[in-house]
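So the structure is just underneath, and the comments pick up after that.
The values are calculated or read from the model by the stated rules, or taken from the named source; none is laboratory data. Just so you know, these numbers come straight off a predicted model, no measurement behind them. Note that we place each Cβ from the backbone using ideal geometry, even for glycine, and neighbour counts take in every protein chain shown. Accessible surface areas use protein heavy atoms only, side chains included; no ligands, DNA or RNA. Shrake-Rupley method; radii C 1.70, N 1.55, O 1.52, S 1.80 Å.
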Amino acid sequence: MLSQHLLVLQVVVPLLSAPLCALLPLASPGKYFSNKLAWLIATVASLISFVISILLAIEVSKHGYISYELGGWTPPWGIEYRIDHLSAYVLLIVSGIASITMLAAQKSIEKEIAHEKISLFYSAFLLCLTGLLGIVATGDAFNIFVFLEISSLSSYVLIALGNNRKALTASYQYLIMGTIGATFILIGVGLLYMLTGTLNLVDLQQKIPELLDSRALHAAFAFFTVGISLKLALLPLHLWLPNAYAYAPSMITVFLSATATKVSLYVLFRFFFGLFSNEVTFGEFHLDKILLPLSILAILIASAVAIFQDNIKRMFAYSSVAQIGYMTLGIGLATKSGSVAGMLHLFNHAIIKGGIFLAMACIVIRTNSVQLSNFAGLGKRMPWTMAALLLLGLGLIGVPFTAGFISKWYLLIAALDQRSWLAAAVIVGGSLLAIIYVWKVIEYAYLKTSSKTIDSDTASTKEAPLQMLIPLWLLVAASIYFGFETSFSFGFANTAINALFK
Amino acid sequence: MQSLLQHFELSVAIPLLAVLLILLFRNQPSLREASSLSIALVLFIFTTQFIGSEQLGVTHTLFSITPGLSLAFHIEPLGLMFALLASGLWIVTTIYSIGYMRGNKEKNQTRFYLFFALSIAATMGIAFAANLVTLFVFYEALTLCTFPLVTHKQNADAKTGGRIYLGILLGTSILFFLTAIVVTWLQAGSLDFIPGGIFDGKIGKTGAVILFTLFMFGIGKAALMPFHRWLPAAMVAPTPVSALLHAVAVVKAGVFSVLKISVYIFGIDVLADQNAAQWILWIAIATMLVASIIALSKDNFKARLAYSTVSQLSYIVIGAALANPIAALGGAMHIVTHAFGKITLFFCAGAVYTATKRTQISQLNGLGKQMPFTFSAYLIAAISIIGLPPLVGSWSKWFLIDGSLNVDNYIVLLAFVLSTLLNCAYLLPIALRAFFKAPDNEEAGQNIKIQEAPLACVIPLCFTALATFLMFFYIQPIYDFLAPAFLP
């Protein structure tokens, strides 16, 4: 039965589509045609994985978890793919954003990527998607590392394809820091394997409590913390992120901003609450003592730095660092409700930030630049794009009736429930800083009557193509929908964390 | 029809209908304004249907997002009064806007009418909100909908003004208001507005002081110092917008929320028992006096009126903070009386600008002969705000003073007296200047013809001035109407 293999197909479909895209230029003579076909393959593969993840989410909500034995080898000896509520939730986000990105991508990619590289680009994108989905789907610690490397290596390539020369340094920076992070995670996995002789996550979970006195276990925990924090871009290990997001091709920023750091956060949840239990993580290793202060600093510093950016893509990249701070702040509260709020913000922020960077892509395709000065008068010339940016910006601030408000609400409740007044003040204070940087753009777009309209190039700016506007407004609609209807976004996160926490 | 009349929440939807019509007729100014006006009338008539209806006290929940987060509307005397006030003054302001916007040939008039209607919709949401979350949602919506109105002129001044406006209002609401709501939720387990309050002994003395202070500063629209700067900053807007801010919607939404939270979240008795409002009381007294003194120093007509509003709003906050039913009732009445007085004053300032393009008080010498109707209306409204009979402003002051005597707070009494004197000092000279000083320009002084602003400007301001006079004699119905909310 096909349905039994859904879980593995989730990863295999994009994995097999990737070489297909890469081989296309050899097979078909007409370049234009092969580029279009590559786009079609990538889109269809993303959509298929989205459909699969929906089916999986339905299955999971019925049965609790699904397990798949790769090659018929029973775990813990063979590799197991295993998804529960947590994985199903993240799979939905990753494959959903991938689909939206691909639906919108075609025109933007044709403009930004050299024609002979386009089909290779799609191939790299599919590999990156494979890696991200694989991390979430697998139930094997070493497998997580393998998929992490697949996704990282392909995202270095994707970022380097940006048409600004700075993209190369940005990618290099990410390569160095990402590799250190992955290596640390690998060392952690190695230590665990040395101690327990197993790599299966469920098996590890049962064996770890006996080893709490072991120094090696402590070392493994430390390596995990640093490694994951690097991939997560938790301040002060965030340095790779702003440049990588700012100079990557527009559509790649959309995809990575909404998925890459989110999957790293998934790894954090999986390792620290799945492998080590929350009692160990907070009670023995006091992760919250590191996470909370760093998250507070991340929110305040990154938001403040964002205010002073003139490159708007870079500005929103810094905003991402701050928003990641919100998620880790939720976890750092060391309560169940805090982690649920962090998880919920992961979901809501993926939608909002994906949408914001998609609006950036719309602006780049028409005006070639995301410098602030370029936004003057855009409210009139690209009304639909700017209206979408305004609504998503309000979501980022956390105005009622947007998804952002729901996550802020739960974060605040979690913080005040712990009597953590500092955390509460930072949550609302961060929103104030968000108002400043979001409104800087809005004010420029709507109130600055562009003085350089004489410049024929900018004056003739048209609205972005429909093919990009529709996915953009889908995300806007989602960000508002999840501001009203939280039974899925909150309910699923709640079940996931409840299953994870003791 | 009968079933429609049960749904008071439709009053949020009716102004949205105006939005659609305005969009539809965006290229036909007359139709656009006619539809704006007729929907305003419809809204007012619709809200009047609920006076004395059996719907009082009924709650309609639209939907519930999660426990605590639900959108629900209810109808109670205070809210209905606010809705009537806002919808009634919307009619007057629309007529005035037609005269003002055409007279001054303002640009982007469609956008102006559109966001005006949206602001009214948000105001209706505030008036009928059945819980703190609903109130907060529409409170924020009102801030955002009025932003394009404040920055209407789109020049550098408008931008700075807009920044201060949005920064302070959104800032205080997110920083303090939202925090206070979440604390309330955690302490009381409910966010509904219930007569007598929801805490039921679940909050300590210190907690109550902190929470009440958070609420009062969180409601930046009530313009307590030091968060009052947005109100003078918003003076860059066209005058009908100032009327909307000062009389119809924005600041009134602020003090309405203050009263609503005092009465329905804390409960007057709880406030009194726990002495929760003492700090706010001092801050409000200080705001009242300091703002009056600043008003004295302003030569810009609208800026002086703006500081006068800051001062008058504190009357209402004091009414709530005295934690006495009569004082709170006086505060609620002051929402109405101040609205009629202040809208007249702003209409006058706008009429002067439309007719003569003058904005400074020192330029008004002798203008009374040229614009007799405008300045007569000004004088009447000013006296009402000062609080002298036979104008309606005297009643709300009466009840406020009565309330302060009830709790034996003579400092508040003294402050009211002082403030009244200051009111005289900054409001009356304007009228005196206009009527009795000789015009600056001698030649023009020889041969003065009556040259008022367009009729559409003059009629509304005469009407509201007349209302301050007529309402003096009909205070009993207003009292009877409001009393159930405050007096058990």
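Quick check: net charge around residue B:78, other residues with Cβ under 12 Å of its Cβ, Lys/Arg +1 and Asp/Glu -1?
Numbers: positive: B:252, B:260; negative: B:76.
Charge balance in the 12 Å sphere: +1.
Round to the nearest 0.05 the FRET efficiency obtained for residue B:369 and residue A:380 when R0 = 45 Å and r is the Cβ-Cβ distance. Could you put the intermediate results ahead of the total?
Numbers: r = 46 Å, r/R0 = 1.01.
Efficiency, from the Cβ-Cβ distance: 0.50.
What's log10 of I(q)/I(0) for the stretch B:1-274 at q = 0.15 Å⁻¹, Debye sum over Cα points only, no solvent?
Taking Cα atoms of the stretch B:1-274 as identical point scatterers yields -1.09.
Would you please give the residues with an amide H less than 5 Å from that of residue B:72, counting only those at least 5 places away or on a separate chain, with H modeled from the backbone geometry?
Residues meeting the amide H criterion: B:62, B:130, B:131, B:134.
What full-extension length gain, to one decimal in nm, is calculated for residue B:205 and residue B:229 as 0.36 nm per residue of separation minus the Cα-Cα distance?
Numbers: separation 24, 0.36 × 24 = 8.64 nm, distance 3.09 nm.
Net length gain for the segment: 5.5 nm.
With a 1.4 Å probe, what is the total accessible area buried between chains B and A, in Å² rounded to the nearest 100? Spell out each step's value before the answer.
Numbers: alone 18030 and 18690 Å², together 33950 Å².
That pair hides around 2800 Å² of surface in total.
Could you rank the peptides A:42-53, B:124-135 by their average count of other C-beta atoms within 10 Å per residue, with the highest value first?
Values: A:42-53: 22.1, B:124-135: 26.9.
The most tightly packed comes first, giving B:124-135, A:42-53.
Modelling each spin label as a point 7 Å along the Cα-to-Cβ direction, I'd like the residue B:286/residue A:485 distance in nm, to one decimal.
Calculated label separation equals 5.0 nm.
For chain A, compute Rg over Rh where Rg is the Cα radius of gyration and Rh is the Kirkwood radius from the inverse mean 1/r over Cα pairs. Display every interim value, and only then the final one.
Numbers: Rg = 21.8 Å, Rh = 22.7 Å.
Reported Rg/Rh, Kirkwood definition of Rh: 0.96.
For helix B:205-218, report the angle its Cα long axis makes with the longest principal axis of the Cα atoms of chain B; keep it between 0 and 90° and round to the nearest 10°.
Taking Cα atoms only, the helix is inclined about 30 degrees.
How long is the stretch A:175-293 along each principal axis, judged by its Cα atoms, biggest number first, in Å?
48, 30, 21
From other protein chains only, count the Cβ atoms within 10 Å of every residue's Cβ in B:173-186, then give the mean. Before the final figure, lay out the partial values.
Numbers: counts 2, 13, 5, 1, 1, 10, 8, 0, 2, 13, 5, 0, 5, 5.
Partner-chain Cβ atoms within 10 Å, mean over residues of B:173-186: 5.
Of A:462/B:153; A:440/B:159; B:302/B:357; B:107/B:153, which ones are farther than 19 Å apart at the Cα? Could the numbers behind the result be given before it?
Working: A:462/B:153 25 Å; A:440/B:159 11 Å; B:302/B:357 13 Å; B:107/B:153 8 Å.
Table pairs above 19 Å Cα-Cα are A:462/B:153.
Need the full-extension length gain, residue A:164 to residue A:218, defined as separation in residues times 0.36 nm minus the C-alpha distance. One decimal, nm. Display every interim value, and only then the final one.
Numbers: separation 54, 0.36 × 54 = 19.44 nm, distance 4.31 nm.
The span from residue A:164 to residue A:218 would gain 15.1 nm if fully extended.
Would you mind checking the tilt of helix A:166-196 against the longest principal axis of the Cα atoms of chain A, expressed as 0 to 90 degrees and rounded to 10?
Compared with the principal axis, the helix lies near 10 degrees.
Using alpha-carbon pairs under 8 Å, 6+ residues apart, how would you state the relative contact order of chain B in percent? Intermediate results must be reported in sequence, preceding the final value.
Details: 884 pairs, mean separation 71.4, N = 488.
Relative contact order comes out at 15 percent.
So how do A:485, A:463 rank on accessible area, 1.4 Å probe, biggest first, that is with the largest at the start?
Largest accessible area first, the residues go A:485, A:463.
Per DSSP H run of at least 4 residues, take -39500 (n - 2.57); add these up for chain A, divide by its residues and hand me the 222 nm value, nearest 500 deg cm²/dmol.
Computed mean residue ellipticity for chain A: -25000 deg cm²/dmol.
Taking the Cα centre of chain B as origin and charging only Cβ (+1 Lys, Arg; -1 Asp, Glu), how large is the dipole, in debye to the nearest 20? Could you put the intermediate results ahead of the total?
Numbers: 26 positive and 19 negative charges, 309 e Å.
Dipole magnitude for chain B comes out near 1480 debye.
Alpha carbons only, please: Rg and Dmax for the protein assembly as shown, in angstrom.
Cα only, the protein assembly as shown: 31.2, 108 Å (Rg, Dmax).
Given charges of +1 on the Cβ of Lys and Arg and -1 on the Cβ of Asp and Glu, with all other atoms neutral, how large is the dipole of the stretch A:62-130 about its Cα centre, in debye to the nearest 20? List each step's numbers first, then the result.
Values: 5 positive and 6 negative charges, 34 e Å.
Value, rounded to 20: 160 debye.
Compute the relative contact order of chain A as a whole-number percentage, counting only Cα pairs closer than 8 Å that sit 6 or more residues apart in sequence. Spell out each step's value before the answer.
On the way: 840 pairs, mean separation 71.9, N = 502.
Here the relative contact order equals 14 percent.
Tell me the Rg and the Dmax, in Å, that the Cα atoms of the stretch A:352-411 produce.
Using the Cα atoms of the stretch A:352-411, the pair Rg, Dmax is 12.8, 39 Å.
Would you mind calculating the gained length between residue B:64 and residue B:469 on full extension (0.36 nm times residue separation, minus the Cα-Cα distance), in nm to one decimal?
Working: separation 405, 0.36 × 405 = 145.80 nm, distance 4.50 nm.
Once the chain is fully extended between residue B:64 and residue B:469, it gains 141.3 nm.
Simple spin-label model, 7 Å along Cα-to-Cβ: residue B:154 to residue A:369 in nm?
For the pair residue B:154/residue A:369, the computed spacing is 2.1 nm.
Counting only the heavy atoms of the protein chains, how much of residue B:59 is accessible to a 1.4 Å probe, in Å² to the nearest 10?
70
Only four residue types carry charge here, +1 at the Cβ of Lys and Arg and -1 at the Cβ of Asp and Glu. Report the dipole size of the stretch A:286-502 about the Cα centre in Debye, rounded to the nearest 20.
Numbers: 15 positive and 8 negative charges, 24 e Å.
So the magnitude is around 120 debye.
With everything on Cα atoms, drop me the angle between helix A:336-367 and the longest principal axis of chain A, reported from 0 to 90° to the nearest 10.
30
Sequence neighbours fewer than 8 away in the same chain don't count; with that in mind, list the lysines whose C-alpha is under 21 Å from residue A:336.
Candidates past the 8-residue exclusion: A:262, A:289, A:408, A:502.
Lys and Arg at +1, Asp and Glu at -1: add these up for the other residues within a Cβ distance under 11 Å of residue B:168 and post the number.
Residues close to residue B:168 contribute a combined charge of +3.
Order B:9, A:69, most accessible first, counting only protein heavy atoms with a 1.4 angstrom probe. Before the final figure, lay out each step's value.
Working: B:9 30, A:69 80 Å².
Largest accessible area first, the residues go A:69, B:9.
R0 = 35 Å: FRET efficiency of residue A:207 with residue A:3, Cβ-based, nearest 0.05? Each step should come with its number before you reach the end.
Numbers: r = 32 Å, r/R0 = 0.93.
My answer for the efficiency is 0.60.
Of all the accessible heavy-atom surface of chain B, with the other protein chains kept in place and a 1.4 Å probe, what percent is carbon and sulfur?
Roughly 66 percent of what the probe reaches on chain B is carbon or sulfur.
Counting only C-alpha contacts under 8 Å and six or more residues apart, can you give the relative contact order of the stretch B:277-488 as a whole percent?
Numbers: 332 pairs, mean separation 61.5, N = 212.
This gives 29 percent for the stretch B:277-488.
How much net charge surrounds residue B:416 when only the other residues with a Cβ under 15 Å from the Cβ of residue B:416 are counted, with Lys and Arg +1 and Asp and Glu -1? Kindly include the intermediate steps, with their values, before the conclusion.
Values: positive: B:397; negative: B:402, B:408.
Charge balance near residue B:416 sits at -1.
Dividing the Cα radius of gyration by the Kirkwood radius, what Rg/Rh value follows for chain B?
On the way: Rg = 21.4 Å, Rh = 22.4 Å.
Reported Rg/Rh, Kirkwood definition of Rh: 0.96.
Tell me the label-point distance for the pair residue B:27, residue A:467, using the 7 Å Cα-to-Cβ offset, in nm and rounded to one decimal.
3.2
Probe of 1.4 angstrom, ligands and nucleic acids ignored: what's the accessible area per residue over the protein assembly as shown, in square angstrom?
Working: 33950 Å² over 990 residues.
Per residue, the protein assembly as shown has an accessible area of 34 Å².
Per DSSP H run of n ≥ 4, the term is -39500 (n - 2.57); total these for chain B, divide by its residue number, and report the mean residue ellipticity at 222 nm rounded to 500 deg cm²/dmol. Intermediate results must be reported in sequence, preceding the final value.
Working: 22 runs with 338 residues, N = 488.
The helix contribution divided over chain B gives -23000 deg cm²/dmol.
When all protein chains stay in place, what accessible area (Å², nearest 10, 1.4 Å probe) is found for residue B:269?
110
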